[in-house]
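The values are calculated or read from the model by the stated rules, or taken from the named source; none is laboratory data. Quantities reported herein were computed from a predicted structural model and do not represent experimental measurements. Every residue, glycine as well, gets a Cβ built from its backbone with ideal geometry; the counts of neighbours run over all protein chains shown.
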Amino acid sequence: MNVDVAQLPARIRAALHGSSPRRDTSQALFAGAPPEYSTRVRQFAPANPLRAAVLIPIVGEGTQPGILLTQRAEDLKTHGGQVSFPGGRCEPDSEEPQETALRESEEEIGLPRRLVDVIGFLPDHLVISGYQVTPVVAFIRPGFQPVPDPLEVADVFSLPLEFLFDPTNHRTSTRTFPDGDIEIYDLNYGTRRVWGATAGMLMTLYRAVMEGR
């Protein structure tokens, strides 16, 4: 680990300062994979993906900073039991990503908008299930206690920034596509497996701060 954890919140703010949603499908990243695979895999994404947004909520800015994640309810029809960010489909399709992310976060984990300080946006990510997702990054003011919707969320936990920004924790696993294998990010935090689109967006945040891209 070669980064000062106490400086990470300030570095995240600086890296995303002035950013705006980048909703150009031709430039979207393939969710879950290193960026060099994106051009190759875009061909397998739908021609007109549905618009969606997620909130990447950073808590404990002055103490032990971490990113809030949800464990989805096991009986959901899609992605049951998986780790994800609060978020969902833009309703209507023209809804601004920030509005979607705030609305869904309030519904899923009881996060009041007055406690959310949106600081920027990551590049859009394409998900093979048919979505183009805009990650909205925000700092959460002190005093928030999650109230998960039991129909959607089984648990809420914090992934420490110290864990994410330690390269020794970055792992990949192989997934086969029609034109060959690609590597998919896997972040194993204790008993939690963070993988696929969620891990990919976390790694995009890591690169934005550490590599400026």
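Mind listing whichever residues of segment 169-208 are over 19 Å from Phe85 (Cα atoms) and either in contact with a strand residue (DSSP E or B) (Cβ under 9 Å, 6 or more places away or on another chain) or modelled with pLDDT of 95 or more (or both)?
Residues satisfying the conditions are Asn169, Arg171, Thr172, Ser173, Thr174, Arg175, Thr176, Asp181, Ile182, Glu183.
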Select, from Gly130, Gly120, Gly110, the only residue that is surrounded by fewer than 23 Cβ atoms within 10 Å (Cβ to Cβ), under 14 Å from the mean Cα position of the chain (by Cα) and either touching a residue at least 40 places away in the same chain (Cβ under 8 Å) or farther than 24 Å from Arg11 by Cβ (or both). Gly120
Every residue from segment 172-206 that is of a type in the set (Gly, Ala, Ser) and crowded, with 19+ Cβ neighbours inside 10 Å: Gly196, Ala197, Ala199, Gly200
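Return the total of residues in segment 107-134 being out of contact with any helix residue (DSSP H, G or I) (no Cβ under 8 Å at 6 or more places or on another chain) and within 16 Å of Arg51 (Cα to Cα).
At the first step, the residues of segment 107-134 found to be out of contact with any helix residue (DSSP H, G or I) (no Cβ under 8 Å at 6 or more places or on another chain) are 107-110, 114-115, 117, 129-131.
Adding the requirement that they be within 16 Å of Arg51 (Cα to Cα) leaves 129-131.
Looking only at that region, the number is 3.
Would you mind stating whether Ser158 is within 17 Å of the chain's Cα centre (by Cα) and small (Gly, Ala, Ser)? Don't jump to the end; show me each part of the working.
Numbers: within 17 Å of the chain's Cα centre (by Cα): yes; small (Gly, Ala, Ser): yes.
Answer is yes for this residue.
Out of the residues in segment 170-207 that are small (Gly, Ala, Ser) and under 13 Å from the mean Cα position of the chain (by Cα), state the one that is farthest from Ile128 (Cα to Cα). Step through it out loud before you land on a result.
Going residue by residue through segment 170-207, those that are small (Gly, Ala, Ser) are 173, 180, 190, 196-197, 199-200.
Adding the requirement that they be under 13 Å from the mean Cα position of the chain (by Cα) leaves 196-197, 199-200.
Working: Gly196: 10, Ala197: 10, Ala199: 15, Gly200: 13 Å.
Step by step, filter segment 170-207, then rank; the result is Ala199.
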Here are Pro148, Pro142: which of them is at pLDDT below 95, within 26 Å of Arg11 (Cβ to Cβ) and surrounded by fewer than 21 Cβ atoms within 10 Å (Cβ to Cβ)? Pro142
List pairs: first residue in segment 167-178 and farther than 15 Å from Arg207 by Cβ, second residue assigned to a strand (DSSP E or B) anywhere in the structure, Cβ distance under 6 angstrom, at least six positions apart or on different chains. Arg171/Asp186; Ser173/Ile184; Ser173/Asp186; Thr174/Asp181; Arg175/Ile182; Arg175/Ile184
Looking only at residues in segment 17-46 that are in a loop (DSSP other than H, G, I, E, B) and closer than 26 Å to Arg193 by Cβ, which one is modelled with the highest pLDDT? Ala28
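Counting just the residues of segment 63-90 that are farther than 22 Å from Gly32 by Cβ and either touching a strand residue (DSSP E or B) at 6+ places or on another chain (Cβ under 9 Å) or surrounded by 14 or more Cβ atoms within 10 Å (Cβ to Cβ) (or both), which one comes out modelled with the lowest pLDDT?
If we filter segment 63-90 for residues that are farther than 22 Å from Gly32 by Cβ, which is where we start, we get 63-65, 75.
Those still in the list that are either touching a strand residue (DSSP E or B) at 6+ places or on another chain (Cβ under 9 Å) or surrounded by 14 or more Cβ atoms within 10 Å (Cβ to Cβ) (or both) too: 64-65.
Numbers: Gln64: 84, Pro65: 94.
The residue in question is Gln64.
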Conditions (1) of a type outside the set (A, V, I, L, M); (2) surrounded by fewer than 21 Cβ atoms within 10 Å (Cβ to Cβ); (3) within 17 Å of Arg51 (Cα to Cα): number failed by Glu104: (2)
Check off (1) under 21 Å from Val194 (Cβ atoms); (2) aliphatic (A, V, I, L, M); (3) at pLDDT 90 or above for Val116 and give me the number that stays unchecked. (1)
Can you find even one residue in segment 176-193 that is among the hydrophobic types (A, V, I, L, M, F, W, C) and over 22 Å from Gln27 (Cβ atoms)? yes
